[in-house]
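Since the structure comes first, as structure tokens, the remarks are kept for the end.
The values are calculated or read from the model by the stated rules, or taken from the named source; none is laboratory data. None of the values given here were measured: they were computed from a predicted structure. With ideal geometry, Cβ positions are generated from the backbone for all residues, glycine too; neighbour counts draw on all protein chains shown.
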2 protein chains.
Amino acid sequence: MTLLPLLAPRSIAVIGASDNKARIGGVPVDLLIRAKFERLYPVNPKSPAVQGLKAYPAIEDVPETVDLVVVAVSADATLDQLERAHALGIPAAIVYASGYAETNEADGIARQAELTAFAERTGMVVAGPNCMGNANFTDAVFTTFGQSFQPGETAGNTALLTQSGNMCATLFRMARRAGVTFSHVINTGNEANVDFSDYLDFLAADASTHSALCYVEELRDGAKFLAAAARFRAAGKLLAVYKVGASEKGAAAARSHTAALAGDTAAYDAAFLKAGVARASELSTLSDLGYLHTLGDKIGGGNCAILSISGAAGAILSDALSLAGGDVPTLPDAVQQGLAAQIPGHSMVSNPVDMTGNIVNANDFLSECIRLVLEPDDIDVVLLYLPGVFLKNALDQVEKAAATAGKALIVIDTFALADRDALAKAGIGYFDDFDRAAKAIAAYGAWKTARAQATAPAVTTAAWPQLPDDRSALSETEGKEALALFGVPVVRDALVTTAQEARVQAEAVGFPLVAKLVSPDVAHKTEHGLIRLSLQTADAAVDAFEQMMAKARSMNVHIEGVTFEPMLQGGVEILAGVTRDPVFGWMLTVGLGGVWTELMKDATHRLLPVDAAGAEAMLRSLKGFGLLDGYRGAPKADVAQAAKAIAALGDAVLAGGSRLREVEVNPLLVMPQGKGAVAVDALVLLTEPEPVRTREVA
Amino acid sequence: MTLLPLLAPRSIAVIGASDNKARIGGVPVDLLIRAKFERLYPVNPKSPAVQGLKAYPAIEDVPETVDLVVVAVSADATLDQLERAHALGIPAAIVYASGYAETNEADGIARQAELTAFAERTGMVVAGPNCMGNANFTDAVFTTFGQSFQPGETAGNTALLTQSGNMCATLFRMARRAGVTFSHVINTGNEANVDFSDYLDFLAADASTHSALCYVEELRDGAKFLAAAARFRAAGKLLAVYKVGASEKGAAAARSHTAALAGDTAAYDAAFLKAGVARASELSTLSDLGYLHTLGDKIGGGNCAILSISGAAGAILSDALSLAGGDVPTLPDAVQQGLAAQIPGHSMVSNPVDMTGNIVNANDFLSECIRLVLEPDDIDVVLLYLPGVFLKNALDQVEKAAATAGKALIVIDTFALADRDALAKAGIGYFDDFDRAAKAIAAYGAWKTARAQATAPAVTTAAWPQLPDDRSALSETEGKEALALFGVPVVRDALVTTAQEARVQAEAVGFPLVAKLVSPDVAHKTEHGLIRLSLQTADAAVDAFEQMMAKARSMNVHIEGVTFEPMLQGGVEILAGVTRDPVFGWMLTVGLGGVWTELMKDATHRLLPVDAAGAEAMLRSLKGFGLLDGYRGAPKADVAQAAKAIAALGDAVLAGGSRLREVEVNPLLVMPQGKGAVAVDALVLLTEPEPVRTREVA
């Protein structure tokens, strides 16, 4: 759909236009008049004039086919107005009214469904309902009843896109205080027709927009969002997101006032990672990301050199950057020596650099320090702590350095005495708070760094065997056989159903061996005594077979038999599982298994596809990665082969289609380097018939 | 020492007084003149007058024995001036000069040692060196060369105490922007004589000071700090601390420009916990803690009820509070029903409460909502999200509610349109940023909650046996026997040195048993095969004995023999260790042992003494506590007895005195409930002779 008539209309009718400039039918008329918007048509059946303009009794009386109707009437009256506007050939509408799905009541939900059906039937572009409209500063078009957006504001190249009207106004004001100017401000409302990602698509293509700051509660269509984000990436534009719901209470609150599907928090994190968005952990960081983007293209990442006139401030900034995910790399020896030659005494020069108060005495001292720390390749940003008069006196040197530097210079001045806008014009960043600066710089740097990475798409020619229609899961043996087709290395096992078979197969598998009951109906087999380890003889194996079968019969479950498989010695157990998020689809979880994942939450998530490099990065990001890395003198585990196995698992799931519900390899036994990794157990859950087992591991 | 002549002098001589109001010898003269301080005596050998006042050639010429000399001369000339001032009977001095220990050079360190020796010899109170002096707003006395502190500023009841001159100015400005007014502003400098805790002692007793905001780099004397903090607690005053060095880089930077002992970050955390201070995680939070304290005594903790006109803002605030350590308790059913009766539609009323825009329509609607959420006992604070015009229109209702409420009302207005000072006068808190509000409220609430708790002092009549002079450690057997005297339950073991003894003792201990080599010289015994588990027969025990002795002989270490002890079945292994921090003394570490503590950093620390309730709280704070709490159907572990054993370990160490270097029980095996906990192994390291082993577990 094209959103041009919605977001850059050349003519507008306001239905329910009011003479009262403070009412929702009056605000847009007032704003548009003051913005000198010419082709504006108030529609009001009771007044011949509205705010000094001729008013029309009905939309049919308006003398042209406008691009957009702003519908400022009650929910009951709205659909009729839309039908009439569509009959006239009007392509777009904004619906202010509330009383739809956001009420969480049957009436409102039904009313919204009608609206969606209307839009889909007619092709009319309908924004809202329950939205406050938009402000297009580029073209000076105001279709909002919000009073925060005023004609005459300087237009800029940042877009604001929010799923809350109140946050739209709040973020606009916060960002304006931070020095950000806007192209478009958009409040999506209930997204009955035009959704969040439709707006993103528009903004990705909009020449006046260089970045978008987004307040997100819930996304309805994960794939559409990822595609829109890819367009932002391709256009070199910043897509920055604050997502509410990081805590349980926050998530519950966000869900309760949206009508959207509840995606998993981990899935949102994984999706934003894949989408390559810049994440703001705090609302103020969102504004600051927009601000940093306006400084130009000089910020390359989150590695900072800190030049401070105060040792304390250098330490505080180092703390703040480290905690926010940025870095303060130790400077090369040559640079340190250069700095030490400049700075009297034994000040710290490794980074942060304590320049001491010497800056006030020596001409060009600061310039020389800046020149030195700009040199190393692994420095992305130079942070200058120059409070109050220190900045004032050194401004020349800073401006000269900024003009020629290929990297960004950002000043921290806790005295808050300088002119941020003037500095921005010189390409110099400016913050008056350590932690705010650190969070923004770290988040922006992480975004820049992530842009350089890409995931190879899944390539597989293998196919799943026919999946059974009458079960909700494959047996472990079936599961492992299927995964092996896609290159997942598995422990082969022998299924036995009689004591006689058990004796023969036990000798064939060899000792020690592991015996497991095979049944799709039993979870937690260990707790039920249905997995037996370290069986050393054929007699022991036959005994175990008989005991497990007897136990299983007593549980009255479907029994396929018992498998024997070699008991592998050594290795580290990890788990890799794929679940389907309702919004974003297949999500891969990698963890150290068992208690590590369950109690310590030491697991990591990505959306599929994940290639071997991505899988290895997931493994290395685990807090307990040390267990795979030669813990306490143990041999290092074969992380590369484990990563390949995990990537193959992901490829298998992508090839599996809609019948798959969840696939988990647990444990994936990672052997010492050079000896590979092998799936000891595989769980394949199917969507039909009705599931009878729940996920065991989050 | 009394700091009255230093911090509230009635007469002052400025040595090195300058006619130039911008120089460090001129600033204090200028400030004191403008503050109408009368008994002020500039000392300058070259001028008959300074800034319009008669100047004296030397301190001996000043016509009275002043309370304080401000010494604004170079480091070389300072000590002579101090000697002469002391000879005149002057009790206190401030030394501005740098060039002391902060240089990290031998000259400067020696110069500082001379200064310390002078002060100790004479009893003169000497502030600094390398400090910027102080501002006493209560009495309008300015002894600083900092230009941020000006006569005429409103005096208040908050003190600012910092170990960095620059942060003194920065925090003063930040806090003033946050609406905080001050009694005293103090910069400690190098603390050659008067140290951080001396100032705290003064402030704890100072009637004009109700709270202290502290910027801390390093504390030199942990016990003194804890005693000063206790005086703050006893006086009901807030002691709020921002400690730099939370990251490795930040800690290294802080160390490099102070001359203080490097305490462990974990020890600082433990000390601040014991001291009952309010911790600020960000510099801005420190200001905000001071601000909240000025609102009066109504904030009881960090449990918030959120009333919001926007569902989004309610969700964001819930996230921010949860992440900051506060809570948003679910409201009781009766309160929810009351709210639901007020609020149209199906809004969220469980907390956060989405009041919707209805607030603009109904009189007393907000008052009624506030009244309802004030009721539950577990609500400490009512947070109102009322941006811009919403607050303006509802101000009457908020003010009325605040006047009668026994709990604090805090408004969040992201539009930042209200008058913070006017609201503060009505006892109403006000923030324009969600995250800043949440961090401050959570930190302040945590402080209030912690004040209600206390630790029982250690009481033990037991004593350690004579400790050997010729070893750096006790054997495991000796260590366990000693700890048992203090009530730590231990696994008794039998030490054997011959094969014959081995056979006899193995039968006596019973099977299965564990055999361990006893040697103070071997760490990582498992890796060397010097611990053998699950020995089932006397023959196996004798074999193990012989193999281990042979292996140990080949390692050429001191061998005391091999112990046999029963191999306990079941139970969960934890570790409890006590190490000595150079600043704060004995620190107890509790963790789940081994990989949990080493890789996952799942350990918790407190300073001794720790009683059983404290030890249990430590166990329950572990991320992996679930392992002790009936994980996967296992029986719950005897946490109460484990806590008693840990407290007994702490008491034992406190009773042990200076010969102890480190004591660790690892593992402490926690059996199922009702079956106690038992120390399987104990490590007791001694201070003399020179240590030969290092800590294995952080």
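Being within 11 Å of chain A (Cβ to nearest Cβ), under 29 Å from A:Gln147 (Cα atoms) and at pLDDT 90 or above is the filter here, so list the residues in the range B:338-385 that pass it. Correct list: B:Val349, B:Asn351, B:Pro352, B:Val353, B:Asp354, B:Tyr385.
For the range B:287-316, the set of residues classified as in contact with a Leu (Cβ under 6 Å, 6 or more places away or on another chain) and assigned to a helix (DSSP H, G or I) consists of B:Gly290, B:His293, listed by residue number.
The residue of the range A:603-623 that is surrounded by the most Cβ atoms within 10 Å (Cβ to Cβ), among those that are free of Cβ contacts under 8 Å to residues at least 60 places away in the same chain, under 20 Å from A:Asn666 (Cβ atoms) and of a type in the set (Gly, Ala, Ser), is A:Ala615.
Collect the residues in the range B:506-527 that are on the phi > 0 side of the Ramachandran plot and touching a strand residue (DSSP E or B) at 6+ places or on another chain (Cβ under 7 Å), keeping them in residue-number order.
First pass over the range B:506-527, keeping only residues on the phi > 0 side of the Ramachandran plot: B:510, B:524.
The answer is B:Gly510, and nothing else.
All conditions in (1) modelled with pLDDT of 95 or more; (2) within 14 Å of another protein chain (Cβ to nearest Cβ) hold for B:Leu238, with the sole exception of (2).
Considering only the range B:373-381, I want to know if a residue exists there that is surrounded by fewer than 22 Cβ atoms within 10 Å (Cβ to Cβ) and closer than 25 Å to A:Thr103 by Cα. Within the range B:373-381, none of the residues are surrounded by fewer than 22 Cβ atoms within 10 Å (Cβ to Cβ) and closer than 25 Å to A:Thr103 by Cα. Would you say A:Phe182 is away from chain B (no Cβ under 14 Å) and in contact with a Gly (Cβ under 7 Å, 6 or more places away or on another chain)? For A:Phe182, the condition - away from chain B (no Cβ under 14 Å) and in contact with a Gly (Cβ under 7 Å, 6 or more places away or on another chain) - is met. Taking the condition within 21 Å of A:Ile441 (Cα to Cα), over 11 Å from the mean Cα position of the chain (by Cα) and of a type outside the set (Phe, Trp, Tyr), does A:Leu283 pass? Here the answer is yes, as A:Leu283 does meet what is asked. Identification of helices (runs of 4 or more DSSP H) wholly contained in the range B:459-568 with 2 or more residues that are buried (at least 17 other Cβ atoms within 10 Å of the Cβ) and not aliphatic (A, V, I, L, M) yields B:476-485, B:499-509.
Selection of the range A:422-439 for residues being closer than 20 Å to A:Thr181 by Cα and within 13 Å of chain B (Cβ to nearest Cβ) yields A:Phe431, A:Asp432, A:Arg436, A:Ala437. Taken residue by residue, the range A:109-130 has at least one member that is touching a Leu at 6+ places or on another chain (Cβ under 6 Å) and among the β-branched types (Val, Ile, Thr). Looking across the range B:316-337, the residues that are more than 12 Å from every other protein chain (Cβ to nearest Cβ) and surrounded by fewer than 19 Cβ atoms within 10 Å (Cβ to Cβ) come down to B:Pro332, B:Asp333, B:Ala334, B:Gln336, B:Gln337.
Figure legend. Inter-residue proximity from the range B:524-544: first residues over 25 Å from B:Val595 (Cα atoms), second residues part of a helix (DSSP H, G or I) and among the polar types (S, T, N, Q), beta-carbon distance below 7 Å, spacing 6+ or different chains. No pairs are indicated. The set of residues in the range B:340-357 being in a helix (DSSP H, G or I) and either under 26 Å from B:Asp435 (Cα atoms) or among the hydroxyl-bearing types (Ser, Thr, Tyr) (or both) consists of B:Thr356, B:Gly357.
Which count do you get for residues in the range A:358-381 that are under 37 Å from the mean Cα position of the chain (by Cα) and in a loop (DSSP other than H, G, I, E, B)? Residues flagged as under 37 Å from the mean Cα position of the chain (by Cα) and in a loop (DSSP other than H, G, I, E, B) within the range A:358-381 amount to 6.
Report whether or not A:Ala192 is small (Gly, Ala, Ser), at negative phi, touching a Pro at 6+ places or on another chain (Cβ under 9 Å) and away from chain B (no Cβ under 14 Å). Here the answer is yes, as A:Ala192 does meet what is asked. Buried (at least 24 other Cβ atoms within 10 Å of the Cβ), more than 15 Å from the chain's Cα centre (by Cα), among the hydrophobic types (A, V, I, L, M, F, W, C) and more than 23 Å from B:Asp413 (Cβ to Cβ), is that true of A:Val180? So A:Val180 fails the test. Among the residues of this structure, B:Thr78 does not count as one that is in a loop (DSSP other than H, G, I, E, B) and within 24 Å of B:Ala8 (Cβ to Cβ).
One residue stands out in the range A:24-73 among those that are touching a Lys or Arg at 6+ places or on another chain (Cβ under 7 Å) and assigned to a helix (DSSP H, G or I): the one that is nearest to A:Ala93 (Cα to Cα), namely A:Ile59.
Take A:Ala576 and decide whether it is away from chain B (no Cβ under 14 Å), in contact with a helix residue (DSSP H, G or I) (Cβ under 8 Å, 6 or more places away or on another chain), closer than 16 Å to A:Ala506 by Cα and crowded, with 20+ Cβ neighbours inside 10 Å. Spelling it out, it is not the case that A:Ala576 is away from chain B (no Cβ under 14 Å), in contact with a helix residue (DSSP H, G or I) (Cβ under 8 Å, 6 or more places away or on another chain), closer than 16 Å to A:Ala506 by Cα and crowded, with 20+ Cβ neighbours inside 10 Å. When the range A:616-638 is limited to residues that are in a helix (DSSP H, G or I), more than 13 Å from chain B (Cβ to nearest Cβ) and in contact with a strand residue (DSSP E or B) (Cβ under 7 Å, 6 or more places away or on another chain), the one that is nearest to A:Val572 (Cα to Cα) turns out to be A:Leu619. Of the residues making up the range A:385-412, those that are surrounded by 24 or more Cβ atoms within 10 Å (Cβ to Cβ) and not hydrophobic (A, V, I, L, M, F, W, C) are A:Tyr385, A:Pro387.
A quick yes/no check of all residues on (1) over 25 Å from A:Ile186 (Cα atoms); (2) within 14 Å of another protein chain (Cβ to nearest Cβ); (3) surrounded by 13 or more Cβ atoms within 10 Å (Cβ to Cβ):
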{"residue": "A:Pro45", "(1), (2), (3)": "yes, no, no"}
{"residue": "A:Val50", "(1), (2), (3)": "yes, no, yes"}
{"residue": "A:Tyr56", "(1), (2), (3)": "yes, no, yes"}
{"residue": "A:Val71", "(1), (2), (3)": "no, no, yes"}
{"residue": "A:Glu102", "(1), (2), (3)": "no, yes, yes"}
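Taking every residue in the range B:45-64 that is under 23 Å from B:Glu83 (Cα atoms) and pairing it with any residue that is β-branched (Val, Ile, Thr) and at pLDDT 95 or above, at least 6 positions away or on another chain, the pairs with Cβ-Cβ distances below 7 Å are B:Ala55/B:Val43; B:Tyr56/B:Val43; B:Tyr56/B:Val62; B:Ala58/B:Val43; B:Ile59/B:Ile15; B:Ile59/B:Val43; B:Ile59/B:Val69; B:Val62/B:Val43. Looking across the range B:282-315, the residues that are charged (D, E, K, R) and either away from chain A (no Cβ under 11 Å) or in contact with a His (Cβ under 8 Å, 6 or more places away or on another chain) (or both) come down to B:Asp288, B:Asp297, B:Lys298. Under the condition of being over 23 Å from B:Thr477 (Cβ atoms) and touching an Asp or Glu at 6+ places or on another chain (Cβ under 6 Å), the residues counted in the range B:648-674 number 1.
Selection within the range B:652-678: residues that are part of a loop (DSSP other than H, G, I, E, B) and not small (Gly, Ala, Ser). The member of this set that is farthest from the chain's Cα centre (by Cα) is B:Lys675.
Would it be correct to say that B:Ala97 is touching a helix residue (DSSP H, G or I) at 6+ places or on another chain (Cβ under 9 Å) and within 24 Å of B:Gly165 (Cβ to Cβ)? Outline the logic, then answer.
Numbers: touching a helix residue (DSSP H, G or I) at 6+ places or on another chain (Cβ under 9 Å): yes; within 24 Å of B:Gly165 (Cβ to Cβ): yes.
Yes: the conditions hold for B:Ala97.
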